[in-house]
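S.K.: The structure that follows is given in the form of structure tokens.
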Amino acid sequence: MPAFHPADPVVPVGPVLSMFDPVFLGVDEFGLPVYESLIYRNLLAGGEPGAGKSGLLNTICAHAALATDTRLCLLDAKTVELGLWQDIADVFVGPDLPHATATLRRLQQVMDNRYAWLRAGKRRKITRTDRLSVIVVVVDEIAYYSATVGTRADQEEFSALLRDLVARGRACGLIVVAATQRPSVDIIPTSLRDIFGYRMAFRCTTYISSDIVLGHGWAAQGYTAHTIAATDSSRGIGWLIAEGGTPRKLRVAYLTDDQIAYLVDYATRIRHHLSVPDLRIAAAAPAAA
Amino acid sequence: MPTRSMPRSTYQGSRTHRRFGRGRITVIDQGLAYASLRRAKIGFWIAFLLIGASTVVGALPVTTTGAAWLIGLLTGLAAGSTVFVLAFCWPALRLTWHWAAELTATSFLLWAYSVLTTVMAAPTALVVLLLATGGPFTFGPARRRLLALGWCVITRHRLRVCFAEVIHDRHTDGRLPLILWARPTPAGERIWVWLRAGLALPDLAERFEEVAVACWATEAHAVRSEKWAALLRVDLTRRNALAAVVDSPLTDTIPADHPRPRPAPPRPAFVTGLDLPDIPEPQAPDLHRRTGTPFRPAPPRPPATPPPPATPGDDTADWI
Ligand SMILES: Nc1ncnc2c1ncn2[C@@H]1O[C@H](COP(=O)(O)OP(=O)(O)OP(=O)(O)O)[C@@H](O)[C@H]1O
Ligand SMILES: [Mg+2]
């Protein structure tokens, strides 16, 4: 349970992060840190069970949690992978397809309103100075919502809504980060998979699976995740396609449960003071932008 | 510049240069010197004419015709000679750059020695210098840093040998790339290379195993700069940088006065059915097996939706 500090005399103004800042993801094969800017981007991660996908999502959540301009919207069919962030998330959806669909529909509405707001200000995308929150939508195990439970129509509705968020959410500060083991057509529509700009392939069992995550043809050029060893010491290693376009091998940073608890505790403290009221006011005054 | 009439490439020059065993140590070989003389002459005339002519044109409105021509001649000569000297000395300049680290270190040591000898006897100065040089090697972090820098120096030379082999094997008159600088990375070294006409990244792509061998490394990779095809970043790995669990720096950004959360007591959970026998078996629909009716498999049903048409780009292969 995060501690609340309602009577805190001092608001910690330490290093306040923003989702507009590059996110620390891990270390590349040359031992150098990898920072990627996720704003105006979407990320899809794939890889066999236990490869480290949820580790990546947690690392991104950690940055989002400490970014006071950010709201977290978590969909986690396993509930435990992102469950530690539940207390600072605006929405936490477990294995519940109707709840997931309803949440995506809410986000769609926010997106439409933001575009209306931007249009009123004769602008095309939100920037750091807008004081509008960035909404990070993290979906772990998309397959559960898009191919496992519910009727075909429900699953298709979920996929269609998610596709809309990925397709249109970019400019209004909506970032979708999703993970599933093998994003093939029977799990998510190709039209949804192919619009994720950033990809990360953790260990796969075949090079075809690796290509499904990274995009066709990378395996032939030697960028394939099936060569990553299946040992404990290579968990969290994968190929990332981000800025630059060529896959980079990296090992994602890993947060222990204690570290996450500490981060959540601190994030609760800084978020409690900073985020909510300001954002409402800023959003009400588009002319000021 | 090596041409068809003068087929001696810089590569062969450097080859001769490497054959110490045969008792021939050539710093800059004959062909190379001839090529740079030719280049220097061309450079001189081009600079002389261009700079001279533009100076004359620029000076005509402000001085007399004679003075303008004189100024033009002098400026042209000055520009031409500068270009001549630079072009003629280019092989030497390149060599200096190639050995820059060694040259700097040696000159620094000599300078330090000469300064020391002004205040103490020569043997004492030598001992002091030896201690000052060897001292950092006894201290772990300093030693690691120095060794990493040492590898950078070695790698620059080894990489040049590699490029020479590649050019040799292609039987072209490509010129050796300029090895710009190297810096240590946690896994090895990162070297910047400026390729010159006759060689491109695809020529090297299949030979990185050889580069790794030549540099005594585990692996070698190269990427070109987005802007210039000639600028390459070569990464050599000697250690596995991905073996250890990577820590997130975010926990360190939390101010030290923020208390660590006490381990929270587990929330009371009223979850039952945590084991398989706790979940009742569903009523099997075909109990007729037990009642003696023979079991028949269901007839195959037609697929609910027709398979998607095989369009290029659609991953129908995934269905396999
Ligand atoms: N970056 C990492 N560094 C070190 N260990 C890691 C890393 N990522 C994951 N692990 C280890 O691997 C285990 C499984 O990782 P994770 O839960 O992220 O896998 P996953 O890909 O999400 O699997 P699943 O598909 O089953 O959800 C973790 O419990 C952790 O011990
Ligand atoms: Mg997971």
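S.K.: Within 10 Å of each Cβ of B:182-188, how many other protein chain Cβ atoms are there on average?
M.R.: Working: counts 0, 0, 1, 5, 6, 6, 3.
Neighbouring Cβ atoms belonging to other protein chains average 3 per residue here.
S.K.: Another question, if that's okay. Going by average Cβ density within 10 Å per residue, which order do the peptides A:57-63, B:136-142 take, highest to lowest? Show your work: numbers first, answer last.
M.R.: Values: A:57-63: 24.7, B:136-142: 10.1.
Ranked by mean Cβ neighbours within 10 Å, highest first: A:57-63, B:136-142.
S.K.: Let me ask something else. What is the distance, in nm, between label points placed 7 Å from the Cα along the Cα-to-Cβ direction at B:Asp247 and at B:Ala197?
M.R.: 5.4
S.K.: Let me ask you something else. Long-range amide H contacts for B:Ser248: which residues qualify at under 5 Å (H placed 1.01 Å from N, peptide plane, sequence gap of 5 or more or a different chain)?
M.R.: Those lying under 5 Å, H to H, from B:Ser248 are A:Tyr254.
S.K.: Moving on to the next point. Relative contact order for chain A: what percent, with Cα pairs under 8 Å and sequence separation of 6 or more?
M.R.: About 28 percent, as a whole number.
S.K.: Report ³J(HN,Hα) in whole Hz for each residue of region A:125-141, in order, from the Karplus equation J = 6.51 cos²θ - 1.76 cosθ + 1.60 where θ = phi - 60°; Gly and Pro get x.
M.R.: 8, 7, 10, 4, 7, 6, 6, 8, 6, 8, 10, 9, 9, 10, 10, 9, 6
S.K.: Moving on. Within a 10 angstrom radius of each residue's Cβ in A:20-27, how many Cβ atoms of other chains show up on average? Whole number is fine. Intermediate values should be presented prior to the final figure.
M.R.: Values: counts 0, 0, 0, 1, 4, 2, 4, 7.
Mean number of neighbouring Cβ atoms from other chains: 2.
S.K.: A:Ala153 to A:Thr79: FRET efficiency via 1/(1 + (r/R0)^6), r the Cβ-Cβ distance, R0 25 Å, to the nearest 0.05?
M.R.: Values: r = 25 Å, r/R0 = 0.99.
About 0.50, to the nearest 0.05.
S.K.: Here's another thing I want to ask about it. Run the simple label-point estimate for B:Glu209 and B:Phe270 please: 7 Å along Cα→C-beta, distance reported in nm.
M.R.: Here the answer is 6.6 nm between the modelled labels.
S.K.: Can you give the % of DSSP beta bridges in chain A that are antiparallel, to the nearest 5?
M.R.: On the way: 15 of 39 bridges.
Rounded to the nearest five, the antiparallel share is 40 percent.
S.K.: Something else about it: According to a simple spin-label model (label point 7 Å from Cα along Cα-to-Cβ), what is the distance in nm between B:Leu146 and B:Trp228?
M.R.: According to this spin-label approximation, the distance is 3.4 nm.
S.K.: Output the peptides A:99-106, B:186-193, B:125-132 sorted from most to least packed, where packing is the average of other Cβ atoms within 10 Å over each peptide's residues. Numbers along the way, then the final one.
M.R.: Numbers: A:99-106: 18.6, B:186-193: 21.4, B:125-132: 13.4.
Taking the mean over residues of other Cβ atoms within 10 Å, the ranking is B:186-193, A:99-106, B:125-132.
S.K.: Now, a different point. Whole-Hz ³J(HN,Hα) for each residue in region A:51-56, computed from phi via Karplus 6.51 cos²θ - 1.76 cosθ + 1.60 with θ = phi - 60°, x for glycine and proline: what do you get?
M.R.: With coefficients 6.51, -1.76 and 1.60, one gets 7, x, 4, 5, x, 5 Hz.
S.K.: Right, next: Over the alpha-carbon set of region A:172-225, divide Rg by the Kirkwood Rh and report the Rg/Rh ratio to two decimals.
M.R.: Details: Rg = 11.5 Å, Rh = 11.7 Å.
Looking at region A:172-225, the ratio lands at 0.98.
S.K.: Any idea what the dipole of region A:19-80 comes to, in debye rounded to 20, about its Cα centre with Lys/Arg Cβ at +1 and Asp/Glu Cβ at -1? Don't skip to the end; give the middle numbers.
M.R.: On the way: 4 positive and 7 negative charges, 51 e Å.
The calculated dipole for region A:19-80 is roughly 240 debye.
S.K.: Whose amide H sits under 5 Å from the amide H of A:Ala45, counting only residues 5 or more places off or on another chain, with H placed in the peptide plane?
M.R.: A:Ala178, A:Ala179, A:Thr180, A:Met200
S.K.: Hey, if you put +1 on the Cβ of every Lys and Arg and -1 on every Asp and Glu Cβ in chain A, which of A:Val213, A:Val110, A:Gly26 ends up farthest toward the positive end of that dipole?
M.R.: Sorting the options by dipole projection puts first A:Val110.
S.K.: Any idea which of A:Cys172, A:Ile228, A:Gly50 is furthest toward the positive side of the dipole for region A:23-273, if Lys and Arg beta-carbons carry +1 and Asp and Glu beta-carbons -1?
M.R.: Among A:Cys172, A:Ile228, A:Gly50, the one farthest towards the positive end of the dipole of region A:23-273 is A:Cys172.
S.K.: For chain A, I need the span (max minus min coordinate) of the C-alpha atoms along each principal axis, in Å, sorted largest to smallest.
M.R.: Over chain A, Cα extents along the principal axes are 53, 40, 35 Å.
S.K.: So what's the net charge close to B:Val234: Lys and Arg +1, Asp and Glu -1, counting the other residues with Cβ under 14 Å from its Cβ? Mind dumping the intermediate values first?
M.R.: On the way: positive: B:Arg156, B:Arg158, B:Arg160, B:Arg183, B:Arg190, B:Arg207, B:Arg224, B:Arg233, B:Arg238; negative: A:Glu29, B:Glu189, B:Asp203, B:Glu209, B:Glu210, B:Glu219, B:Asp235.
Charge balance in the 14 Å sphere: +2.
Since every read-out is calculated from the coordinates, none of them should be taken as a lab result. Keep in mind it's a predicted model, so treat the numbers as computed, not measured. Every residue, glycine among them, receives a Cβ derived from its backbone with ideal geometry; neighbour counts consider all protein chains shown.
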